[in-house]
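Novice: Take this structure, written in structure tokens, and hold onto it; I'll ask about it next.
The values are calculated or read from the model by the stated rules, or taken from the named source; none is laboratory data. These numbers were taken from a predicted model, which means no experiment stands behind them. Please note: Cβ atoms are built from the backbone with ideal geometry, for glycine as well, and neighbour counts cover all protein chains shown. Quick note on the areas: whole protein, heavy atoms, side chains included, nothing else; ligands and nucleic acids left out. Shrake-Rupley method; radii C 1.70, N 1.55, O 1.52, S 1.80 Å.
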Protein chains: 2
Amino acid sequence: MGGRIEELVETKEMDSRSLSSSNRTNLPYKVGVPPKEKWWNEFNNRLKETFFADDPLRSFKDQSKSRKFVLGLQAVFPIFEWGRRYNLAKFKGDLIAGLTIASLCIPQDIGYARLANLAPQYGLYSSFVPPLIYAFMGSSRDIAIGPVAVVSLLLGTLLQNEIDPVQNAFEYRRLAFTATFFAGITQATLGILRLGFLIDFLSHAAVVGFMAGAAITIALQQLKGFLGIKKFTKNTDIVSVMNSVFSSAHHGWNWQTILIGATFLVFLLFAKYIGKKNKKFFWIPAIAPLISVVLSTFFVYITHAEEKGVQIVKHIEKGINPISVNEIFFTGDYLMKGVRIGIVAGMVALTEAVAIGRTFASMKDYNIDGNKEMVALGAMNVAGSMTSCYVATGSFSRSAVNYMAGCETAVSNIIMSIVVFLTLQFITPLFEYTPNAILASIIISAVLGLIDIDAAILIWKIDKFDFVACMGAFFGVVFASVEIGLLIAVSISFAKLLLQVTRPRTALLGKIPRTHVYRNIQQYPEASKVPGVLIIRVDSAIYFSNSNYIRERILRWLTDEEEQLKAANLPQIQYLIVEMSPVTDIDTSGIHALEELHRSLQKRSVELVLANPGPVVMDKLYTSKFANSIGEDKIFLTVADAIQTCSPKFADEV
Amino acid sequence: MGGRIEELVETKEMDSRSLSSSNRTNLPYKVGVPPKEKWWNEFNNRLKETFFADDPLRSFKDQSKSRKFVLGLQAVFPIFEWGRRYNLAKFKGDLIAGLTIASLCIPQDIGYARLANLAPQYGLYSSFVPPLIYAFMGSSRDIAIGPVAVVSLLLGTLLQNEIDPVQNAFEYRRLAFTATFFAGITQATLGILRLGFLIDFLSHAAVVGFMAGAAITIALQQLKGFLGIKKFTKNTDIVSVMNSVFSSAHHGWNWQTILIGATFLVFLLFAKYIGKKNKKFFWIPAIAPLISVVLSTFFVYITHAEEKGVQIVKHIEKGINPISVNEIFFTGDYLMKGVRIGIVAGMVALTEAVAIGRTFASMKDYNIDGNKEMVALGAMNVAGSMTSCYVATGSFSRSAVNYMAGCETAVSNIIMSIVVFLTLQFITPLFEYTPNAILASIIISAVLGLIDIDAAILIWKIDKFDFVACMGAFFGVVFASVEIGLLIAVSISFAKLLLQVTRPRTALLGKIPRTHVYRNIQQYPEASKVPGVLIIRVDSAIYFSNSNYIRERILRWLTDEEEQLKAANLPQIQYLIVEMSPVTDIDTSGIHALEELHRSLQKRSVELVLANPGPVVMDKLYTSKFANSIGEDKIFLTVADAIQTCSPKFADEV
């Protein structure tokens, strides 16, 4: 039904350039050609869709000057927007959530700082300033800001390649701040230049693999603290770590340390298990780390286990973030190193934060402007770099807790940073006797959450190529290093993208019995080929990257077919119909490929016929005069119509 | 008609996993789910399509050992294949063609060698050995092998950045051979690794721009010889060239030189014009250069114009290519430079040769195996580098002449190289008095053919983005340098590719009056929206690079629509139908995007409905359990069916 009426109607809205095949057939079907658009409109729209896809200035349209100013202010500082609607009920939610994530972040921060080869207080510093800034500028309501395991590790490895963190702690710290500064600049710049979409090029599959690999690497790093090993390798790959673990087996290990660590690790994992079992006990795994810190610290304090070789934190600087602007390298050869490391760390941090933001935004259905978000994250890291913080971003685990604890707005981040502030001011000395083994256990139990086996299995099921990217990233991180893993992840992601624009699918179509429908004969084996006609569907836009492939592939379909026909001495192919419904666009190279195809076919005295080219394609077929060169009556609305013309007898057999 | 019967039939071939919406509607349409494929088959097919798209081993299937050997030999040396069918008639064609391109190439070679900052004989050397090798290994019948303007210029610029060709001629030459060697290795490697498709990433548009720019640059370079300027800039950008031209205006120019040059330039251009006017006079522009060389040389010889400051070639080494294996840098720090330059020059040469090969192959309709072709070109350049040749490739102009002169096989290249051989052996001394001005005129008139304004106009008409790439490459070459231009060309090409997989089109669909057809409402303004339903078509495969954009874009369509509806207080949207016909594939990120979309919609109490997902997509919707989570009865064969369910009343208004 649809088909027929559709065509009747479409005849009505053909414009001057549209064409008729009525001279060849009794079916008056027409393929409409869209009226030409002014090129600058076309170009502007393209640009707009690329950089301003989310149409950020929409709300500014026809507003008063003062209103525009307010809107602008709210755009940069969303707090002025949601702040007006803030109330006690919301505060209650934020308060609880804030306290919960604070209890979770304090022990984690101390541990993560060690991954970045920095003194423990720098972890706490990074949970004080950045969350405050973010609360004012960020648009996510659920993200929990602070140092995270993966970025800490990445930063640590990249930095220690340049400066030794032990021999030359001060220089190392300066480079860390420099990297943090430029990480922030990178993030903000990407946001301001509306290049947010760049981070989409790191595919989900690659991230899954990378995260899992990083988690393993981090857990392995913890064996140092967990087993109480003194001399430990600098490398992060599994081989050298295992070496230094076993080489120190019979003398380097400390059983007291292992005992403490193991006990609390079991406790933490059990808490995690309970939290998973029953969502409303989410707070148990959330406060478990702090509890184990308190208990273990007290235990060590009374038993003086530190004298039995149990390594302890010893000393955490008291007081809040000292200013560090003057420590950033703005000159010298460390500048460029800082920039390089900053860009890498910044991008990774960004990927993590934006992924978290999006996930929770879609759970509560509010929109996040990726680019605005990047500006916020950038600003917060720039500010952080000037106040002795290292790269902070959104933490998967803490954000989840924040969400489950019922946070309403970014105020929960403010609460958290206040708690961290008080900790820094008053109770850091109490951490003196905290055994490193506990921090190790906490980190291990935390990062295990980054290993998402279900996701990996799903990826395997859905897309094998994605799985390769995932595994590539994973093994890259585990067996080589974090950078290598990252590099592999990115390159495989790109390879996949380029592959799909280079090798699109093509399919041979056949007539499904008793219908006018033509379908992929591999999918419908009972579909019958039309004698003397070859129907091929091209499943992609035709661009320079695939135009030659498509041309050659089509010719090969033809050659194969003709060989078979010759073998069975059946009539040779007279018409080659290209079904173009999925061809959403075509460029100059594509047109050339079609022209070459047409030329080759003429040499073989096979007629080229096009079925159902889309509006964009139709337009270009005309501007390029190709439509005329193959003959306008060779372009049909549907394959069925084409067949009507090419072999009327067959078409009518229903 | 089609539509209805189609659905009836497709109900028959649903498999176990296919689904029914009959409980919701009276239309028993089904969306078939393809039976699952073994993953390794899936993976193998993917690999095969990528690297062995042309199925090169097809002919080897079930053949005897000896036959396989013969076939293998013929695969590497096609001459053994077509040679058996060679006859006198073909030889006649090849002889004439060979002599014609020889007469054209000899003066060009001498000129092009100067572009590469090499002594004239090296141009001739490069027209002797490489064509011979190619004739045995190459699969194109029309390509004319030898030095070409663009590659000579590119090589010249790249080399002189490393070594001064005047102060240090010998080292320079050694580096040239090294680069040539590795250019050959690059080409052969790409072919052997089946990475031929990589050169497709340089888009046609970019090549057009690059060629035109190179042509201008080369022509400008010729002003040195044409005006008889002694001291000339090393830079190739238009600004510095014009500077050194005008700075030397009142003393540096030589009127006799200009007179000779101008006269013959007019003559050459006129010959070109005649050739264009009437195709059967193609030979006039072909032999014009040689004629002008002979005439001008004789003229200078009798008038002793060289004493009046007319610069002449002076000396061309007599005899054939000396061996140069021992001159290639296989060690030292020039090795890496040679490799780098070789890769760049090799790729550019490849692009040119393969483009030519394809064009003429499609004109005569024979197939060219791109990868095999690359091995041939690579082998010929490796051999060339060992016999004092620099990078040779297919020449646009000479190949065209070759084709028009009626060449039948690569034998025409053999003829040409024999003529070049004789030239080298006996008549090079006669070139002593040839004025450089003539070579300049010959090069100018030759490279003008590389400026394809019609192509540029066509590109502008068809695709604005392509045009940007084209202009970018052009101005890059003209105002900066050949490398910069090339870099711009490649990056813009990639940008375009990434853009199209990042920002696919989406369209709002409406019901065309009196039909069951739903079309883009921008294309068909009279199409009416379905109350309470929003129909969106996604025009691309959904991959990680665009999944977030698509999700956000769809949500924005919804928000805008709802705002409008609220303004007009009409009923809000209850169903969002995503028309997936053009969605040829989806990956894990894509599935996640759909899940997030679904979640957001649930929050807004809008139901997500899918229309006509393709087989691949259907398969993945099921493996990912997404089909179940949105409800199998939410997936329809066509938009019309979906509407039947979502708002039956509206659907029936015809």
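Novice: Which whole-Hz ³J(HN,Hα) couplings does segment B:310-317 yield from phi under the Karplus relation 6.51 cos²θ - 1.76 cosθ + 1.60, θ = phi - 60°, glycine and proline marked x?
Specialist: 6, 6, 10, 5, 6, 9, 10, 3
Novice: Moving to a separate point now. Can you give the charge dipole size of segment B:593-654 about its Cα centre, rounded to the nearest 20 debye, using +1 on the beta carbon of Lys and Arg and -1 on the beta carbon of Asp and Glu?
Specialist: 280
Novice: Turning to a different aspect of this structure: Counting only C-alpha contacts under 8 Å and six or more residues apart, can you give the relative contact order of chain A as a whole percent?
Specialist: This gives 21 percent for chain A.
Novice: Positive end of the dipole of segment A:87-498, charges at C-beta (+1 Lys, Arg; -1 Asp, Glu), about the Cα centre: which of A:125, A:99, A:484 has its Cα farthest in that direction?
Specialist: After comparing all options, I get A:99.
Novice: Along the charge dipole of the protein assembly as shown, pointing to its positive end and built from +1/-1 on Cβ of Lys, Arg, Asp and Glu, which listed residue (B:225, A:583, A:532) has its Cα farthest out?
Specialist: A:532
Novice: Next question, about the same structure. Which distances in nm, rounded to one decimal and ordered from shortest, link the label point of residue B:572 to the equivalent label points in the other identical copies, with labels set 7 Å from Cα toward Cβ?
Specialist: For residue B:572, the other copies' label points sit at 6.6 nm, shortest first.
Novice: Check residue A:541: other-chain or 5+ apart residues with amide H under 5 Å from its amide H, H built from backbone geometry?
Specialist: Here A:584, A:585 satisfy the definition.
Novice: Once you have all Cα-Cα distances for segment A:472-565, histogram them in 5 Å bins from zero and send the whole-percent values.
Specialist: 3, 12, 15, 14, 12, 11, 9, 8, 7, 5, 3, 1, 0
Novice: Label segment A:87-498 by shape, choosing from rounded, prolate and oblate, from the square roots a ≥ b ≥ c of the eigenvalues of the Cα gyration tensor; if a/c is under 1.5 it is rounded, and otherwise prolate applies when a/b is larger than b/c, oblate when it is not.
Specialist: It is rounded, given that a/c, with a ≥ b ≥ c, falls under 1.5.
Novice: Next up: Compute the label-point distances linking residue B:322 to its equivalents in the other copies; points lie 7 Å from Cα along Cα→Cβ; give nm, one decimal, shortest first.
Specialist: 7.0
Novice: Related question: What is the set of long-range amide H partners of residue A:434 at a cut-off below 5 Å, with H atoms built 1.01 Å from backbone N?
Specialist: So residue A:434 has HN proximity to A:313, A:314.
Novice: How many angstrom lie between the C-alpha centres of segment A:47-102 and segment A:474-488?
Specialist: Comparing the Cα centres of segment A:47-102 and segment A:474-488, I get a distance of 38 Å.
Novice: Work out from phi, with θ = phi - 60° and the Karplus expression 6.51 cos²θ - 1.76 cosθ + 1.60, the ³J(HN,Hα) of each residue of segment A:331-339, listed in order in whole Hz, and give x for Gly and Pro.
Specialist: After applying 6.51 cos²θ - 1.76 cosθ + 1.60, I find 9, x, 7, 6, 4, 4, 4, x, 4 Hz.
Novice: Any chance you could check the Cα centroid distance between segment B:374-453 and segment A:572-628 for me, in angstrom?
Specialist: If you average the Cα positions of each part, the centres end up 36 Å apart.
Novice: On to the next question. For residue B:74, place a label point 7 Å from Cα along the Cα-to-Cβ direction in every copy; what are the distances to the other copies, in nm, shortest first?
Specialist: Those label-point separations list as 7.7 nm.
Novice: Grab the DSSP H runs of chain A that are 4 residues or longer, score each as -39,500 (n - 2.57), total them, divide by all residues and round the 222 nm result to the nearest 500 deg cm²/dmol.
Specialist: Computed ellipticity for chain A at 222 nm equals -19500 deg cm²/dmol.
Novice: While we're here: In segment A:290-381, what chymotrypsin sites (Phe, Trp or Tyr not before Pro) fall in a loop by DSSP, with at most 16 other Cβ atoms inside 10 Å?
Specialist: Counting only loop positions with at most 16 other Cβ atoms within 10 Å, the chymotrypsin sites (Phe, Trp or Tyr not before Pro) in segment A:290-381 are A:330, A:366.
Novice: In whole percent, and with a 1.4 Å probe on the protein chains, what portion of the accessible area of the protein assembly as shown is carbon and sulfur?
Specialist: Within the protein assembly as shown, the accessible surface is 66 percent carbon and sulfur.
Novice: Dipole of chain A, Cα-centred, from +1 at each Lys and Arg C-beta and -1 at each Asp and Glu C-beta, to the nearest 20 debye?
Specialist: With only Lys, Arg, Asp and Glu charged at Cβ, the dipole is about 760 debye.
Novice: Using a simple charge model, +1 on the beta-carbon of Lys and Arg, -1 on the beta-carbon of Asp and Glu, nothing else, what dipole does the protein assembly as shown show about its Cα centre, in debye to the nearest 20?
Specialist: The calculation lands at about 100 debye.
Novice: Please compute the average number of Cβ atoms from other chains found within 10 Å of each residue's Cβ in peptide A:594-607.
Specialist: Going residue by residue through A:594-607 and averaging, the value is 2.
Novice: Still on this structure: Can you pull out the chymotrypsin sites (Phe, Trp or Tyr not before Pro) in segment A:75-134 that DSSP calls coil and that have at most 15 other Cβ atoms within 10 Å?
Specialist: Here the sparse-neighbourhood loop sites are A:86.
Novice: In whole Hz and in residue order, list the ³J(HN,Hα) couplings for segment B:586-596 that follow from phi through the Karplus curve 6.51 cos²θ - 1.76 cosθ + 1.60, θ = phi - 60°; x for Gly and Pro.
Specialist: Rounded to whole hertz, the list is 8, 10, 4, 4, x, 4, 4, 4, 4, 4, 4.
Novice: Amide H neighbours of residue B:611 under 5 Å, counting only residues 5+ apart in sequence or on other chains, H built in-plane at 1.01 Å?
Specialist: Result for residue B:611 returns B:578, B:579, B:580, B:636.
Novice: Let me ask something else about it. Need one value for A:636-643: mean number of C-beta atoms belonging to other chains within 10 Å of its residues' C-beta atoms.
Specialist: Averaged over the peptide's residues, the number is 1.
Novice: Shifting gears a bit: Along the Cα-to-C-beta direction of residue B:564, a point sits 7 Å from the Cα; which residues of segment B:518-542 have their amide N less than 20 Å from that point?
Specialist: B:518-539
Novice: Other chains near B:459-468: what is the mean number of their Cβ atoms within 10 Å of each residue's Cβ?
Specialist: 6
Novice: Let me ask something else about it. Skip the ligands, DNA and RNA, and give the accessible area per residue of chain A with a 1.4 Å probe, whole Å².
Specialist: Spelled out: the 1.4 Å probe surface of chain A, per residue, equals 39 Å².
Novice: What net charge do the residues around residue B:428 carry, taking every other residue with its C-beta under 12 Å from that of residue B:428, with Lys and Arg at +1 and Asp and Glu at -1?
Specialist: Net local charge, residue B:428 excluded: -1.
Novice: So how far, in whole Å, is the C-alpha centre of segment B:294-319 from the one of segment B:125-146?
Specialist: Here the answer is 31 Å between Cα centres.
Novice: Given the options B:155, B:460, B:473, identify the residue whose Cα lies farthest towards the positive end of the charge dipole of the protein assembly as shown (+1 on Cβ of Lys, Arg; -1 on Cβ of Asp, Glu).
Specialist: Checking the options against the dipole of the protein assembly as shown, the answer is B:460.
Novice: Also, I was wondering about something else. Largest first and to the nearest Å, give the Cα extent of the protein assembly as shown along each principal axis.
Specialist: So the extents along the principal axes, rounded to whole Å, are 110, 79, 75.
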